């Protein structure tokens, strides 16, 4: 096949592989692929084969990341890393994470098909744990690569009581080898992630892709409330210590504060009541909080305010409260030179460049501790994500691969390094 003909249909192989990858699921009839599950292992092995077909040497590391390397024409150069994740939320869409991995593989395949080698090596990484659904930790794969994985994370347990350490062993990984996963910063040029936007901006402006300037910071909490269980028919309303009613009031307080604070979003996505019987006043309750903002100071102020709000509600209702932080990630700024190089590639492919920030977290949040980061967003219908209704067109997938190929072909590491000290406008 001629190179020009191949690049004219860049979207089709990506879309076909997205459909194929969606078949690796734990739940028939829906896409659920949790970290270190048998479905994740099958998906990882398939991705490994696609990487080999694109001309890469491939290995699965000690935390389950699939890493493919396409050597450069000059030895000893730092590598440019491309990637995203292949784990999913429960009942997920097909494109979150997977699109970035498959677009990167297709871009490298494009270079390989035309016999091109860049001065620098290119690595494609399919991270295993971006979503943090199975275990109460997240970004395990990218944190390990960046050298910031907390060893205590290996003791985290899933809902069945299996530890992350045990799950890694079951997957075929050796947790004792995790110390070999981190990359020396001098060996990495930068990290670039293609991802669906998960928002409506690009669709509203009629653009297939956009260049990310920053990723909002995020914090997550688990709030445990302790009241007093009692018979639903015999305990008067005025004498109750209803942990679930207290949780309901707290959730509304969280919503009010987020609504009143510009640039802040807060979500309660999980709530439990114990003992969970229809005729028992809940003696305990637990709920999650996810809070995000572009400015870390806004997020910190909101958290401090929420701690006061929730404590006051608990005290007034006679409820015990413990608020435990489970995740914290500062806002991450994309490297100016990566933003500019991506913009130039977008423009060269005939698309109007558009800068935007990311309200969702990504593996790039962890990778920023290792190297400069950049992101390219791809339009998704209605901004819908974490939902089976996720939708990306073949044309937009092709546009993303085309931009990525152009970026790889024009990137000059020497020029990029000289601009690292700049600030993104």
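Details
- Pairwise FRET efficiency - residue 384 versus residue 117, Cβ, R0 = 41 Å, nearest 0.05: 0.55
- Isotropic mean projected area of the C-alpha convex hull, region 43-101 (nm²): 4.9 nm²
- Distance (nanometres) between label positions extended 7 Å along Cα→Cβ at residue 57 and residue 238: 7.9 nm
- Solvent-free Debye scattering, log10 I(q)/I(0), computed from the Cα coordinates of region 299-425 at q = 0.13, 0.15, 0.18 Å⁻¹: -0.73, -0.87, -1.09
- Helix 243-260 and the longest principal axis of the Cα set of the chain meet at an angle near 50°.
- Taken over region 217-329, the ratio of Cα radius of gyration to 2.2 N^0.38 Å equals 1.12.
- Overall size of region 3-116 from C-alpha positions, given as principal axis extents largest first: 44, 35, 18 Å.
- The residues 226, 25, 138, 234, when put in order of fewest to most other Cβ atoms within 10 Å, stand as 234, 226, 25, 138.
- GNM flexibility winner over the chain from 177, 391, 198 (Cα, springs under 10 Å): 177
- At R0 = 45 Å, FRET efficiency that the Cβ-Cβ distance of residue 90 and residue 352 yields, to 0.05: 0.80
- Mean Cβ neighbour count within 10 Å, used as a protection proxy, ranking 95-107, 180-192 highest first: 95-107, 180-192
Laboratory data are not the source of any read-out in this text; all were calculated from the coordinates shown. These numbers come from a predicted model, not from an experiment. Reconstructed Cβ throughout: ideal geometry from the backbone, glycine too, with neighbour counts over all protein chains shown.
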